[in-house]
Amino acid sequence: MQVSFACTEQTLRSRTSEDRLCPTRPSGGQNGGNMGQMKQRTPPLGTKNPNQVLPIISNILRESTGKSTGMKYRNLGKSGLRVSCLGLGTWVTFGSQISDEVAENIMTVAYENGVNLFDTAEVYAAGRAEKTLGNILKKKEWRRSSYVVTTKIYWGGQAETERGLSRKHIIEEIVRAMTFVINQGLAMYWGTSRWGAMEIMEAYSVARQFNLIPPVCEQAEYHLFQREKVETQLPELYHKIGVGSMTWSPLACGLITGKYADTIPEKSRASFKGYHWLKEKAVSDEGKKQHIKVKDLHPIAERLHCTVTQLAIAWCLRSEGVSSVLLGVSNCDQLIENLGSIQVLSQITPPIVGEIDQILGNKPNIKKDSRA
C-alpha cells in the first residue's frame, strides 16, 4: 500500500538548507509543508530500573501484529488507514547520525514490536535517509501491504527545478496535484505538514468545490513545551473535516530526556553541525526553566513506574485526534524504552494530566464554541 502527504514550506525559503532541516520556532500558524488508573505495578516495556508534500508508501518474512507488545492502532484522521500509534522517524538519524546496519536493526525491532509507520523526507540527509530506508525495506522483504512509509516533497535539490512544488518538481496546484498522484495509483491518501489551520481548511474547501481529494492528516510538532496547535486548532479540524494529527518531536529534540540539563554531550544532536539552534536553546534561560520542569516530572513518572521519556510520549498519545507519534531514536535501547510508553498510556488519567499541567504552566486556552 502507498499513501502520500504533501507539504510546502513557503516561510523557510530564505533560510539555509541546514536551518530548513531544523526549524527553530513553533509551527503553529506558520505556513508549512504539503504534507481508569491502572493498579498494575509491572514495569512497562523498556523501563529502566524495575511546508512539504508527504507521500506515504507502504513486506515480511515474519509478520508482527504488535499484540505481544500491546501496540495500539488508530485510523489516520477519519480515513480507513490504520497506523501504529507510535511511528519511526528518520530525521537526523538515517543516512547521517547512525550506520545503515544500526538503522536496519532499529527498523527490525520497531517492526517486530508492531510499528507499521515509517517517516522520512527527500531532504533528510540530502536524500540519503530515503535511500537507506528504501534499501532496508527491499532487503527485509516484508509484505508490501503490512507497513506504511511517509515522505515529504519540497526540497529536492539545489537547482531551481528541483525544489518547491512547481509543475516541474511535482505540480503547481497542490490539491489537484495530490488528486492526480492518487488517481495514478501512486498513493492512496495525502496530508499536510506544518500547515496552518486556515490553509488546511482552504485545501479542504478547494477539494470539495472541484470534486478533488482532500487531505486526511496534518503533521505537526507536539511535546510538553509545544502544545497550542495540536490542542486548540487540530481537534476542531478533526471533528469538522476529519483531518487527524501525526506528531513529531515528542521529546523536544532530546531536551525532555534531561541529557542537556548540565552539558552538551558529545555525539548528541545538539553537538552536530547545523544544530547550533538546539544547543543555544538548551543553554538558554528558557531551556534552563524547561530542564527544571522536566525534573519536577520525575515523581509522577516514579509513581507510574516509568521513565520521564515514556511519560512524555504517553502524554502526547493521549491527545484527541493524534493518530500517531513519530519517534526519533539512534539505537535499539532508546526504541525499546520509547515503545514502553504504550503501557503507560492508560495511566495518563485526568488527575495525572492535571498534575502535569500544573508543573508545565502552559496549558492552552481552548475557546469553547459559542453555539454549544
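When you scan region 157-175, do you find a residue that is among the hydrophobic types (A, V, I, L, M, F, W, C) and open to solvent by less than 10 Å² (accessible area, probe 1.4 Å), even just one?
Within region 157-175, one or more residues are among the hydrophobic types (A, V, I, L, M, F, W, C) and open to solvent by less than 10 Å² (accessible area, probe 1.4 Å).
Filter region 332-352 down to the residues that are loosely packed, with under 14 Cβ neighbours inside 10 Å and under 22 Å from the mean Cα position of the chain (by Cα) and list them by number.
Once the filter is applied, which keeps residues that are loosely packed, with under 14 Cβ neighbours inside 10 Å and under 22 Å from the mean Cα position of the chain (by Cα), region 332-352 yields only Asp333.
Any residue at all in region 134-145 that's in a loop (DSSP other than H, G, I, E, B), buried (at least 19 other Cβ atoms within 10 Å of the Cβ) and either modelled with pLDDT under 90 or touching a helix residue (DSSP H, G or I) at 6+ places or on another chain (Cβ under 6 Å) (or both)?
No, that holds for no residue.
For the structure I just gave you, tell me whether Arg208 is farther than 20 Å from Leu317 by Cα and among the basic types (Lys, Arg).
Numbers: farther than 20 Å from Leu317 by Cα: yes; among the basic types (Lys, Arg): yes.
It is true that Arg208 is farther than 20 Å from Leu317 by Cα and among the basic types (Lys, Arg).
Quick one: in region 124-150, of everything that is touching a Ser or Thr at 6+ places or on another chain (Cβ under 8 Å) and β-branched (Val, Ile, Thr), which residue is nearest to Glu221 (Cα to Cα)?
Thr150
Table: residues versus (1) part of a loop (DSSP other than H, G, I, E, B); (2) of a type outside the set (A, V, I, L, M, F, W, C); (3) modelled with pLDDT of 90 or more.
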| site | (1), (2), (3) |
| --- | --- |
| Ser64 | yes, yes, no |
| Ser68 | yes, yes, no |
| Met71 | yes, no, yes |
| Ser79 | yes, yes, yes |
| Gly87 | no, yes, yes |
| Gly95 | no, yes, yes |
| Ala103 | no, no, yes |
| Met107 | no, no, yes |
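Which residues, taken from region 318-331, are buried (at least 24 other Cβ atoms within 10 Å of the Cβ) and of a type in the set (Gly, Ala, Ser)?
Of everything in region 318-331, those that are buried (at least 24 other Cβ atoms within 10 Å of the Cβ) and of a type in the set (Gly, Ala, Ser) turn out to be Ser323, Ser324.
For the subset of region 86-129 comprising residues that are farther than 30 Å from Leu311 by Cα and among the charged types (D, E, K, R), which member is least open to solvent (accessible area, probe 1.4 Å)?
Only one residue tops the list, namely Glu122.
Any residue in region 109-124 that is at negative phi, touching a Cys at 6+ places or on another chain (Cβ under 6 Å), modelled with pLDDT of 85 or more and in a helix (DSSP H, G or I)?
yes
Can you tell me which residue among Gly77, Gly114, Gly134, Gly95 is of a type in the set (Gly, Ala, Ser) and closer than 17 Å to Asp333 by Cα?
Values: Gly77 fails: closer than 17 Å to Asp333 by Cα; Gly134 fails: closer than 17 Å to Asp333 by Cα; Gly95 fails: closer than 17 Å to Asp333 by Cα.
Within the list Gly77, Gly114, Gly134, Gly95, the selection yields Gly114.
Under 8 Å between Cβ atoms, at least 6 apart or on separate chains: pull out the pairs that start in region 172-192 with a residue that is within 14 Å of Cys217 (Cβ to Cβ) and end on any residue that is of a type in the set (S, T, N, Q) and surrounded by fewer than 19 Cβ atoms within 10 Å (Cβ to Cβ).
Ala187/Gln2; Met188/Gln2
Quick one: which of Gln358, Gln334 is over 23 Å from Val83 (Cβ atoms) and either among the polar types (S, T, N, Q) or part of a helix (DSSP H, G or I) (or both)?
Gln358 is the lone residue from the list that is over 23 Å from Val83 (Cβ atoms) and either among the polar types (S, T, N, Q) or part of a helix (DSSP H, G or I) (or both).
Can you spot a residue in region 202-211 that is buried (at least 18 other Cβ atoms within 10 Å of the Cβ), in a helix (DSSP H, G or I) and under 20 Å from the mean Cα position of the chain (by Cα)?
Looking for residues that are buried (at least 18 other Cβ atoms within 10 Å of the Cβ), in a helix (DSSP H, G or I) and under 20 Å from the mean Cα position of the chain (by Cα), one finds none in region 202-211, hence no.
Among the residues of region 177-196, are any of a type outside the set (Ser, Thr, Tyr), modelled with pLDDT under 90, open to solvent by 20 Å² or more (accessible area, probe 1.4 Å) and within 20 Å of the chain's Cα centre (by Cα)?
Yes, region 177-196 has at least one match.
The values are calculated or read from the model by the stated rules, or taken from the named source; none is laboratory data. Given the structure is predicted, the values throughout are model-derived calculations rather than measurements. Counting neighbours? That spans all protein chains shown, and the Cβs are built from the backbone with ideal geometry, glycine included. Side chains included, ligands, DNA and RNA excluded: accessible areas come from the protein's heavy atoms. Shrake-Rupley method; radii C 1.70, N 1.55, O 1.52, S 1.80 Å.
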